[in-house]
Amino acid sequence: MSSLFEHDSLPPSREALEDGAILLRGFTTSEAPQLVEQVTRIAQQAAFRHLVTPGGYTMSVAMTNCGRVGWVSDRTGYRYDPVDPDTQIPWPAMPPSFLDLAARAAAEAGFAAYDPDACLINRYVAGAKLSLHQDRDEKDAWAPIVSVSLGLPATFLWGGKRRSDPVRRLRLESGDVVVWGGPARFIYHGVAPLKDGEHPLTGAARINLTFRKVF
Ligand code: MD3
Ligand code: FE
């Protein structure tokens, strides 16, 4: 019987998406089970939660973090916080395997010595989505964001530097890594509502890691 997740066994490949953005298909497929295990361990210390935006909307994506700081939102605004506001304790440290993966991916895209401060971990279940936005709370506007997809596939929405620019759709599958740096850093992007499914690694969910240089 052919697997529903045939993509997970394709050989790695690379594809330039635009100036500063490269897609590394299957880059981390072989390590994916260990990455998911680390996410489970992190979530035991800093539980996934649905953050509230400054506008009062509860996000459909559940989030947690590891690293020196974590991204959080509440009615007062967005920020990077060294402690988990739910427990008042520091976020779990970034596992060495996460740092190693992020640095290897960044190097593939020409960013040497990448040392991210934060890893935001997003968990999507069926129907969860991320509206079109820019990530602009990070001080270093050139350092890349490295994004790692695990589990169920998603449709990534990939626009331009203005909200009104046309939006392309890109299917991201388990093991895919995208590096967004330099000129691609401030594009509008989002994720279409997740389709129902089951994945051997994550069950009914998609997990996305985004590594960020914050300071
Ligand atoms: C391009 N996450 O956490 S990852 C986010 O799949 C976020 O969970 C999405 O957008 C997800 O902020 C998309 C790909 C991504 C992440 C950040 C970017 C692409 C980006 C920042 C700038 C440009
Ligand atoms: Fe984003």
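The values are calculated or read from the model by the stated rules, or taken from the named source; none is laboratory data. Being a predicted model, the structure only gives us computed values, none of them experimental. As a convention, Cβ positions derive from the backbone with ideal geometry for all residues, glycine included, and neighbour counts pool all protein chains shown.
At a glance:
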item: Test result for ASP165, surrounded by fewer than 20 Cβ atoms within 10 Å (Cβ to Cβ), more than 14 Å from ligand 2 (Cβ to nearest atom), touching a residue at least 60 places away in the same chain (Cβ under 8 Å) and in a loop (DSSP other than H, G, I, E, B); result: no
item: Members of region 139-180 that are over 15 Å from the mean Cα position of the chain (by Cα) and of a type in the set (D, E, K, R); result: LYS139, ASP140, LYS161, ARG162, ARG163, ASP165, ARG168, ARG169
item: Any hit, region 129-139, residues being under 23 Å from THR40 (Cβ atoms) and within 12 Å of ligand 2 (Cβ to nearest atom); result: yes
item: Candidates ASP74, ASP137, ASP84, ASP115 - the one that is more than 28 Å from ASP8 (Cβ to Cβ) and surrounded by 19 or more Cβ atoms within 10 Å (Cβ to Cβ); result: ASP84
item: Exclusive hit being small (Gly, Ala, Ser) and closer than 24 Å to ALA205 by Cα, set ALA141, ALA128, ALA109; result: ALA128
item: Within region 181-215, considering residues that are among the hydrophobic types (A, V, I, L, M, F, W, C) and within 12 Å of the chain's Cα centre (by Cα), the one nearest to ligand 2 (Cβ to nearest atom); result: VAL191
item: Those residues of region 125-172 which are closer than 19 Å to GLU18 by Cα, modelled with pLDDT under 95 and acidic (Asp, Glu), in sequence order; result: ASP135
item: Cβ-Cβ under 8 Å pairs, at least 6 apart or on other chains, region 186-200 side under 28 Å from LYS213 (Cβ atoms), far side more than 9 Å from ligand 2 (Cβ to nearest atom) and among the acidic types (Asp, Glu); result: ILE187/GLU18; TYR188/ASP165
item: Output for region 19-56, where each listed residue is assigned to a helix (DSSP H, G or I) and basic (Lys, Arg); result: ARG41
item: Selected residue (criterion: surrounded by the most Cβ atoms within 10 Å (Cβ to Cβ)) from residues of region 180-203 that are more than 10 Å from ligand 1 (Cβ to nearest atom) and farther than 25 Å from THR29 by Cα; result: GLY182
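Rundown of residues vs (1) closer than 23 Å to CYS66 by Cα; (2) within 13 Å of ligand 2 (Cβ to nearest atom); (3) in contact (Cβ under 8 Å) with a residue 40 or more places away in the chain; (4) not in a helix (DSSP H, G or I), yes/no style:
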residue: ALA106; (1), (2), (3), (4): yes, no, yes, no
residue: PRO116; (1), (2), (3), (4): yes, no, yes, yes
residue: GLY127; (1), (2), (3), (4): no, no, yes, yes
residue: ALA141; (1), (2), (3), (4): yes, no, yes, yes
residue: SER147; (1), (2), (3), (4): yes, yes, yes, yes
residue: LEU150; (1), (2), (3), (4): yes, no, yes, yes
residue: GLY160; (1), (2), (3), (4): no, no, no, yes
residue: GLY175; (1), (2), (3), (4): yes, no, yes, yes
residue: VAL179; (1), (2), (3), (4): yes, no, yes, yes
